[in-house]
Structure formats: C-alpha cells, structure tokens
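Asker: Shown below is the structure under consideration.
The values are calculated or read from the model by the stated rules, or taken from the named source; none is laboratory data. Fair warning: this is a prediction, and the values are worked out from it, not measured in the lab. Cβ placement follows ideal geometry from the backbone for every residue including glycine, while neighbour counts extend to all protein chains displayed.
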C-alpha cells in the first residue's frame, strides 16, 4: 500500500468526526450568508463595524477549514490527537459569529 492510500484510509470514527466537522462548517457558512444578507438593512456605520469584524472571522474560518483538511488527510493513528484542534478552531469561529450577530442586533 502506498503512503497516499494509507493516508486516505479512515476509520469509521474518523469519517464520522469529519462529517460532523463539515456540518459545523456548513452551519458557519450559513451564518455568514445570513449576516451578509442582513447587513443590507444596517446603517453605514454598523456595516463598517461588521466589515471590520469579517476580517477576523475570515481568518478563523480559514483556519478551521485547514484543520478539518489536516484531520481528513491524517493517517488512522494520527487523526485522534488532531481532533481537539478542529473542535477548538470551529468553536472559536462559532463564538466569533455570535459576536457578529451581537454587532448586527445591538441597539443603535
């Protein structure tokens, strides 16, 4: 078996974890779409604040995607130790989106 074939071999637990992580990422992308849609109704000042916030959240979202990909490509004996990084990256991104909703919904 070549190294690439071995890397792609996943245990059922690894597959399930990756599917869950991808679902969380899909929810994050849904929140991003929702906030961008709702920005159309904001004042220009509020929109500037949210656009500034997007700089932070884009970085976190990219990091979470990289962590998921690393677990997806990890060997069967390596992925378990990497899963905490995925959970942390997704959690930080989700919390940051909560801040985005707060900015969007706070009173003027």
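Asker: Within region 87-105, restricting attention to residues that are surrounded by 15 or more Cβ atoms within 10 Å (Cβ to Cβ) and closer than 13 Å to residue 68 by Cβ, which residue is farthest from the chain's Cα centre (by Cα)?
Answerer: 87
Asker: Check off (1) exposed (fewer than 11 other Cβ atoms within 10 Å of the Cβ); (2) in contact with a helix residue (DSSP H, G or I) (Cβ under 9 Å, 6 or more places away or on another chain); (3) assigned to a helix (DSSP H, G or I) for residue 108 and give me the number that stays unchecked.
Answerer: (3)
Asker: Looking at (1) in a helix (DSSP H, G or I); (2) under 30 Å from residue 12 (Cα atoms), find the lone condition where residue 35 falls short.
Answerer: The single condition residue 35 does not satisfy is (2).
Asker: Restricting attention to region 1-34, report how many residues are over 15 Å from residue 89 (Cβ atoms), surrounded by 13 or more Cβ atoms within 10 Å (Cβ to Cβ) and at pLDDT 95 or above.
Answerer: Of the residues in that region, 3 qualify.
Asker: Here's something else I'd like to know. Answer yes or no as to whether residue 92 is part of a helix (DSSP H, G or I), free of Cβ contacts under 8 Å to residues at least 60 places away in the same chain and more than 30 Å from residue 102 (Cα to Cα). Can you show your working first?
Answerer: On the way: part of a helix (DSSP H, G or I): yes; free of Cβ contacts under 8 Å to residues at least 60 places away in the same chain: yes; more than 30 Å from residue 102 (Cα to Cα): no.
Answer is no for this residue.
Asker: Just need a number here: residues in region 58-95 that are modelled with pLDDT under 95 and under 19 Å from residue 37 (Cβ atoms).
Answerer: The qualifying residues number 1.
Asker: Condition check: in a helix (DSSP H, G or I) and surrounded by 14 or more Cβ atoms within 10 Å (Cβ to Cβ). Does residue 66 satisfy that?
Answerer: no
Asker: Related question: Could you grab me the full set of residues in region 69-79 that are farther than 11 Å from residue 21 by Cα, free of Cβ contacts under 8 Å to residues at least 40 places away in the same chain and in a helix (DSSP H, G or I)? I'd like the intermediate steps shown before the answer.
Answerer: Step one: of region 69-79, the residues farther than 11 Å from residue 21 by Cα are 70, 73-79.
From the residues that got through so far, the ones that are free of Cβ contacts under 8 Å to residues at least 40 places away in the same chain too are 70, 77-78.
Within region 69-79, just 70 meets the criteria.
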